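See structure below.
The values are calculated or read from the model by the stated rules, or taken from the named source; none is laboratory data. Predicted, not measured: the structure shown is a model, and the values here were computed from it. FYI the Cβ positions are ideal-geometry reconstructions off the backbone, even for glycines, and counts take in every protein chain you see. Surface areas here come from the heavy atoms of the whole protein model, side chains and all, with no ligands, DNA or RNA. Shrake-Rupley method; radii C 1.70, N 1.55, O 1.52, S 1.80 Å.
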Amino acid sequence: MATRLPPVDVVIVGSGWTGGIAAKELAPTGLKVVMLERGKFQDTSPDFLAPQSHDALKYSRRLELAQDLSKETITFRNDMSQTALPMRQYGFFIPGSGLGGSGAHWSGLTWRWGEWEHRMLSGTVEKYGKSMVPEDMNLQDWPISYKDIEPYYDRFEKVCGVSGKAGNLRGRIQKGGNPFEAPRSSEYPLPPMTPSQSMLMFEAATKRLGYNPFPIPASNCSDNYVNPDGIALGQCHYCGHCTNYGCEANAKASPHFTMMPLARANKDFELRTNAMVLKVNLDSTGKRATGVTYADARGREFEQPADLVILGAFVTGNVQLMLHSGIGTPYDPKTNSGVVGRNYAYQSLGGARVEIDRDTYMNPFMGSGALGTWIDDFASDNFDFAKAGFIGGAGISAGQNSGDPLTYHPTSPGKPRWGAGWKKAMAETYQHTMGVGFQGAVMSYRQNYLDLDPTYRDAWGRPLLRLTFDWQENEQKVMAATFARCQQIAGEISGKRPAVASPGRAMAGRRFSSVPYQTSHNTGGAVFGNDPRTSAVNKYCQSWDVPNVFVLGASALPQNAARNPTGPVGALAFWAADAIVNKYLKRPGRLV
């Protein structure tokens with residue numbers, strides 16, 4: 001029996017970027033706001049201070065900042081004919097836990113999606129006709145345009161202190177930036193980061209091939225920076241302990257220090273950690289949320305009444321809560337009807353390895369999460385879909401994240417894969433290799449979706465979320481074509497044609513495997529749109545069915561682009577929080 005707590009005005013689930021932004025924007029309104037975070041409290045000091053924050057065994061192998069799979073996980077299968085099995089070890093994605101969520105251990109790539117990536121359906125049909133879109137592809141536009149969200153992209157970049165170079169400033173193409181990007185109202189807050197050797201070699205090679213390289217926009221500060229909220233971010237040390245780590249310099253933007261101190265400065269805001277939200281409670285009509293039920297670290301259950309519920313969990317957490325709570329109609333792939341669980345999408349990652357001559361040293365132990373150079377020539381709609389035979393494409397890059405010897409084991413093709421021979425090969429190769437990688441867009445399909453597993457349950461007795469996903473023909477073509485481009489660039493760098501794919505990543509011609517880590521960029525499941533028949537939430541991320549529930553995060557994105565989703569996720573969270581504060585609170589009810 002849950003203990004009923006005094007009511008509050010707002011309860012926010014999750015303390016990552018979306019929950020953090022909502023908390024920071026709502027806390028000053030004078031409302032009583034409670035944030036519930038399933039993980040522990042953590043802060044830069046003492047949790048992320050060096051040298052303990054560089055413990056590779058703790059953070060990159062045992063994944064200290066990740067979700068506890070012994071308590072909650074997902075089940076996975078490739079198609080409906082299979083029986084889904086639980087993910088008992090960290091596999092293709094790593095959701096974060098603890099204050100800041102995945103925002104505390106992310107890499108920091110902070111993109112704006114291109115204009116076409118906000119209107120994939122209409123942009124494709126206008127240019128190529130309806131026949132370009134496969135029948136089973138649930139392609140959908142965003143319900144808002146790039147122009148609508150541009151000021152919020154700008155705001156998020158300034159909060160994070162993004163380092164980069166504009167490519168399109170108010171419609172004028174800028175030298176050194178991405179010439180394909182949508183118009184920006186302002187330059188990045190900080191200049192690009194110092195390039196690594198691999199970035200310089202990639203840049204030179206791609207320019208020789210006629211492509212357009214530019215520095216990846218990074219929420220890793222290239223210099224000391226104070227954001228518009230007065231939060232100080234330090235300069236990146238290029239220490240190579242970024243992805244899966246907290247940052248001791250606060251050089252990598254994270255909600256735990258950019259958002260939470262501002263929210264917690266308000267007397268009516270309360271943060272409760274180790275609080276696992278189990279369900280959103282609805283009234284007898286099922287059309288209004290009355291609050292949430294959560295369990296604390298001792299397993300005690302509490303009912304927290306609230307007038308407004310904001311879900312800001314990871315994609316899988318948002319969708320599981322909606323399905324388990326009865327918010328919205330579950331998606332049915334057989335009829336292609338229902339909305340919660342619809343339009344799940346992922347990304348494809350792969351590439352080619354480059355052997356460098358022994359006189360060139362790459363120093364792979366130096367780097368940062370988003371340190372890299374990119375080309376967009378084969379991404380978004382920057383190429384001819386009809387000629388290529390697929391929709392979407394991929395970005396191609398080279399960078400330097402971490403040469404941590406516990407996880408980075410480069411060896412040349414044909415060398416031993418274990419024992420003394422493997423160690424010798426790794427020592428010989430460590431300084432003299434680099435990768436040319438791709439990150440491919442993945443469209444949404446009728447047969448790729450999320451629902452509740454009928455067999456397996458989590459530690460609190462709730463059905464696990466079941467994920468059904470496989471590569472489709474369009475994505476197989478994207479991977480094959482982009483791998484060939486990576487080989488071309490790798491050959492240009494090394495002077496010879498490498499034929500070895502980077503191991504453990506997406507490979508054309510194979511089914512999707514949930515076993516190796518690939519990327520944590522899941523999207524969909526509670527997508528936003530203008531039509532309640534094909535979207536779970538409206539353009540303000542408000543539930544069509546339960547209007548006092550807002551669902552923020554990558555679960556709202558109808559498809560996945562060829563670039564990281566954190567930029568759109570942050571911008572969309574500011575957009576939705578603006579609507580909540582300036583529209584919903586003044587007149588609670590459906591905003592659309």
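Quick check: is even one residue across the stretch 121-128 under 30 Å from residue 336 (Cα atoms), polar (S, T, N, Q) and open to solvent by 40 Å² or more (accessible area, probe 1.4 Å)? Scanning the stretch 121-128 turns up no residue that is under 30 Å from residue 336 (Cα atoms), polar (S, T, N, Q) and open to solvent by 40 Å² or more (accessible area, probe 1.4 Å).
Any idea how many residues of the stretch 228-255 are within 22 Å of residue 571 (Cα to Cα) and at pLDDT below 95? Result for the stretch 228-255: 1. Looking across 567, 525, 589, one residue alone is farther than 14 Å from residue 345 by Cα and not in a helix (DSSP H, G or I). It is 589. Against the numbered list (1) part of a loop (DSSP other than H, G, I, E, B); (2) hydrophobic (A, V, I, L, M, F, W, C); (3) modelled with pLDDT of 95 or more, residue 507 comes up short only at (3).
Just to be sure before I move on: is residue 222 among the polar types (S, T, N, Q), under 17 Å from the mean Cα position of the chain (by Cα) and open to solvent by less than 30 Å² (accessible area, probe 1.4 Å) in the structure I sent? Answer is no for this residue.
Restricting attention to the stretch 287-312 and to residues that are open to solvent by less than 20 Å² (accessible area, probe 1.4 Å) and small (Gly, Ala, Ser), the residue that is farthest from residue 556 (Cα to Cα) turns out to be 295. The set of residues in the stretch 60-89 being at pLDDT below 95, over 19 Å from the mean Cα position of the chain (by Cα) and polar (S, T, N, Q) consists of 70, 89. For first residues located in the stretch 42-61 and closer than 24 Å to residue 261 by Cα, partners that are of a type in the set (Phe, Trp, Tyr) and modelled with pLDDT of 95 or more and lie 6+ apart or on another chain with Cβ distances below 6 Å form the pairs 44/257. Residues that are surrounded by 22 or more Cβ atoms within 10 Å (Cβ to Cβ), at pLDDT below 95, of a type outside the set (Asp, Glu) and under 13 Å from residue 346 (Cα atoms) do not occur anywhere in the stretch 483-502.
Annotation: residue 76 fulfils all but one of (1) in a loop (DSSP other than H, G, I, E, B); (2) under 25 Å from residue 464 (Cα atoms); (3) open to solvent by 20 Å² or more (accessible area, probe 1.4 Å); the unmet one is (1).
Among the residues of the stretch 330-370, those that are touching a residue at least 60 places away in the same chain (Cβ under 8 Å) and surrounded by fewer than 18 Cβ atoms within 10 Å (Cβ to Cβ) comprise 336, 337, 357, 358, 360, 361, 363, 365, 366. Of the residues examined, residue 173 is not one that is β-branched (Val, Ile, Thr) and touching a His at 6+ places or on another chain (Cβ under 8 Å). Among the residues of the stretch 17-60, those that are assigned to a helix (DSSP H, G or I) and aliphatic (A, V, I, L, M) comprise 21, 22, 23, 26, 27, 56, 57. Of the residues making up the stretch 1-30, those that are crowded, with 18+ Cβ neighbours inside 10 Å and not small (Gly, Ala, Ser) are 8, 10, 11, 12, 13, 17, 18, 21, 24, 25, 26. Residue 209 meets all of the listed conditions (1) more than 30 Å from residue 493 (Cβ to Cβ); (2) of a type outside the set (Ser, Thr, Tyr); (3) surrounded by fewer than 18 Cβ atoms within 10 Å (Cβ to Cβ) but one, namely (1). All conditions but one from (1) at negative phi; (2) surrounded by fewer than 24 Cβ atoms within 10 Å (Cβ to Cβ); (3) in contact (Cβ under 8 Å) with a residue 12 or more places away in the chain apply to residue 315; the one that does not is (2).
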